[in-house]
Amino acid sequence: MDILNQILNMNAGGAYGGGKAGGAFDPLTFAMKPQVVIRALCWLFSIVVFGCISSGGWRTDENTKEVCLYNGDGMACKYGNTIGVFGFLASMAFIAGEYLFERMSSVKSRKRYVLADMGFSAFWAFMYFIAFIYLWSQWSSAPLPPNGEGVSDVEAAIVFSFFSIFLWALAAFLAYKRFLIGAGDEFTSAFETDPANVVHQQAYTSYSMDNDNDQYSTSPFSGQQQQQGMQQQQQQGMEYQQPTY
């Protein structure tokens, strides 16, 4: 629940949802960050995927030839290994990037990191989806190995490939939310600090105040009273006066 609350309230802090640059480093706070927790799980699941395939995904047949347990398809084992290894390396790289992210004083550098995180995480979630479909389809049509050798390993690789889809997709979502926060901050700060916008706002304010003062400084009925007075004087001047003899 604590991690979920941090995910929902990650709009506090510096640019792009990160802390203020140059702040003190707290190992416990860093380890509890949602991005770090998700990356650590991605790292662990990647180890399980390529470790299980490497150790139990192959068997030696009667001709002393190594055969992949995924229906004899060597590409399935190689693909699963490749996805796991690169996911393992990328997870470590992004954990190191989270450490450096708090120390990036440039907003553009943070933006590039967030975009790279979002793009790669979404792409790798798709690659794990392909790995899950590929391994599962090949294993469902493969004959059981003698004495059930390696069954638990190949099935574990399939299961953790499935879980990895959601982990990498969640990492992409967190990066996307960071990007939205940073884009909003950039727009607000640019509008408020633009000298042209400040001048226009001040001119509009002074114009409104002047109009208000002019509007209410004189009575709205003064003009009508003056006009009525002039009409009465004209009527009195034009009245007929009886001649005197």
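The values are calculated or read from the model by the stated rules, or taken from the named source; none is laboratory data. In this text the structure is predicted, and so the values were computed from the model without any measurement. All Cβ positions, even for glycine, are placed from backbone atoms using ideal geometry, and neighbour counts span all protein chains on display.
Below is a table of values for the structure above.
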quantity: Top-ranked residue in region 70-85 [being surrounded by fewer than 24 Cβ atoms within 10 Å (Cβ to Cβ) and touching a Ser or Thr at 6+ places or on another chain (Cβ under 8 Å); ranked as farthest from Leu135 (Cα to Cα)]; calculated: Val85
quantity: Within region 24-69, considering residues that are hydrophobic (A, V, I, L, M, F, W, C), in contact with an Asp or Glu (Cβ under 9 Å, 6 or more places away or on another chain) and in contact (Cβ under 8 Å) with a residue 24 or more places away in the chain, the one nearest to Ala125 (Cα to Cα); calculated: Val36
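Okay, residues lined up against (1) exposed (fewer than 15 other Cβ atoms within 10 Å of the Cβ); (2) part of a helix (DSSP H, G or I); (3) at pLDDT below 95:
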| site | (1), (2), (3) |
| --- | --- |
| Ile3 | yes, yes, yes |
| Met10 | no, no, yes |
| Gly23 | yes, no, yes |
| Leu28 | yes, yes, yes |
| Ile38 | no, yes, no |
| Phe45 | no, yes, no |
| Val48 | no, yes, no |
| Ser55 | yes, yes, yes |
| Glu62 | yes, no, yes |
